[in-house]
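What follows is a short report on a single structure.
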Amino acid sequence: MLIDNQIFGAPLAGISDKPFRRIVRMFSPKAPLYTEMISCHSLVEAHKNCLRNFDRYDDEGNIGAQIFGADVSLMGDAAKILQDSGATWIDINMGCPVPKVATRSGAGAYLMRDHKLAEKIMKNVVKSVQIPVSIKTRLGWDDEHRDWADLIHIAEDCGISFAALHGRTRAQLYTGQSKLPRIDDNIKIPMIGNGDIKTIDDVKKVFELGFSGAMLGRAMLGRPWVIGVLTGACKTPSQVGPVVLRHLEYMLEYYGERNAVQMFRKHAAWYSAGMHDSTAFRIKVNQISDAKTLKAEICKFWGCEVDI
């Protein structure tokens, strides 16, 4: 089962928040997008310091809410909350490699090492909701344990609708080249290929390997239109400045001025990457603490008006 479009926007921690998804959605009205990964503990306990715990997805189109955790019961409860919040499908994170998640919490990529726990979580999440459930995982824990296919077969038996596979092991983190395997007829659910996918040729290679879809991650940084360009939904905008300003407005609306200005610095750097004087622009932006000044610098750099 695939959801409408075959090119997905990946879950990106600290990036694919609601403002980012809104800006991507401007260019890709139908693309399946993921939330940032959401802690089942934080969500169920309604931690107030995490805004995404209170997001609604009714107006977001194809949106997969990704949860992570090692508590079987809480993962099911979290899935219910996200279903009730309007998510199109639920995704279980089984690939996050960072120590905070994968080792200290026994979640994310750790579930590649504990297939019994992974099975319990998948079964409970599928049972807890009436919408599709997917998983996102990696090739394995390390080169000696590339057992992704075993986990996928367990997922099939648990009622998982589709799976995304990142072409690195947990040990690789995000270094080295992503290399996806060939998908054979023994895999019964649709597979989405992820890792270093940037161009239409990359997408074609993923399909040639037998995957049913492709997922873009870091390729979206500073280029929220890239999925739309690859699917033919839009063209690369001739004026980037207004896009940057609109993204900033969405951030201000969501986070408030103090947090939004600080958080937007990385986005400004990505948008400006490769442009003339981008280094000087980034240095300036990193010293700005108010929205008015930031908007002025954006307009100066891209030659656009503040009002959008």
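If you filter segment 87-123 down to residues that are closer than 21 Å to Val133 by Cα and of a type in the set (Ser, Thr, Tyr), you find that the one that is most open to solvent (accessible area, probe 1.4 Å) is Tyr110.
What's the total number of residues in segment 99-127 that are closer than 24 Å to Lys18 by Cα and touching a residue at least 12 places away in the same chain (Cβ under 8 Å)? Of the residues in that region, 4 qualify. Of all residues in segment 91-105, exactly one satisfies the criterion of being touching a strand residue (DSSP E or B) at 6+ places or on another chain (Cβ under 9 Å) and farther than 20 Å from Trp148 by Cβ, namely Ser105. So in segment 201-226, with the set limited to residues that are in contact with a helix residue (DSSP H, G or I) (Cβ under 7 Å, 6 or more places away or on another chain) and in a helix (DSSP H, G or I), which one is surrounded by the fewest Cβ atoms within 10 Å (Cβ to Cβ)? Only one residue fits best here, namely Ala219.
Scanning for something closer than 20 Å to Pro190 by Cα, in contact with a His (Cβ under 8 Å, 6 or more places away or on another chain) and of a type in the set (Val, Ile, Thr), does segment 149-160 turn up at least one residue? The answer is yes; a qualifying residue exists.
Quick one: in segment 140-165, of everything that is in a loop (DSSP other than H, G, I, E, B) and modelled with pLDDT of 95 or more, which residue is nearest to Arg113 (Cα to Cα)? Going through the qualifying residues, I end up with Ile160. So in segment 227-253, with the set limited to residues that are among the small types (Gly, Ala, Ser) and over 27 Å from Tyr174 (Cα atoms), which one is least open to solvent (accessible area, probe 1.4 Å)? Per the criteria, the residue is Gly241. Taking every residue in segment 52-65 that is acidic (Asp, Glu) and pairing it with any residue that is in a loop (DSSP other than H, G, I, E, B), at least 6 positions away or on another chain, the pairs with Cβ-Cβ distances below 7 Å are Asp55/Ser85; Asp58/Gly86. Taken as a whole, the structure places Ala233 among residues that are in contact (Cβ under 8 Å) with a residue 40 or more places away in the chain, in contact with a Lys or Arg (Cβ under 9 Å, 6 or more places away or on another chain), assigned to a loop (DSSP other than H, G, I, E, B) and of a type in the set (A, V, I, L, M, F, W, C).
Contact map, segment 138-153: residues that are farther than 11 Å from Ala171 by Cβ paired with residues that are hydrophobic (A, V, I, L, M, F, W, C) and open to solvent by 30 Å² or more (accessible area, probe 1.4 Å), Cβ distance under 9 Å, separation 6+ or inter-chain. Pairs shown: Asp147/Trp141. For segment 28-48, the criterion of being touching a Lys or Arg at 6+ places or on another chain (Cβ under 9 Å), touching a residue at least 12 places away in the same chain (Cβ under 8 Å), at positive phi and open to solvent by 10 Å² or more (accessible area, probe 1.4 Å) is met by none of the residues.
Kindly indicate whether Ala268 is at pLDDT 95 or above and either assigned to a helix (DSSP H, G or I) or open to solvent by less than 80 Å² (accessible area, probe 1.4 Å) (or both). So Ala268 passes the test. Count of segment 277-308 residues, restricted to those that are under 19 Å from Gly256 (Cα atoms), in a helix (DSSP H, G or I) and open to solvent by 50 Å² or more (accessible area, probe 1.4 Å), is 3.
The values are calculated or read from the model by the stated rules, or taken from the named source; none is laboratory data. Model, not experiment: these values are computed from the prediction. Glycine also receives a Cβ, built like all others from the backbone with ideal geometry; neighbour counts cover every protein chain displayed. Keep in mind that these areas ignore ligands, DNA and RNA; they rest on the heavy atoms of the full protein, side chains included. Shrake-Rupley method; radii C 1.70, N 1.55, O 1.52, S 1.80 Å.
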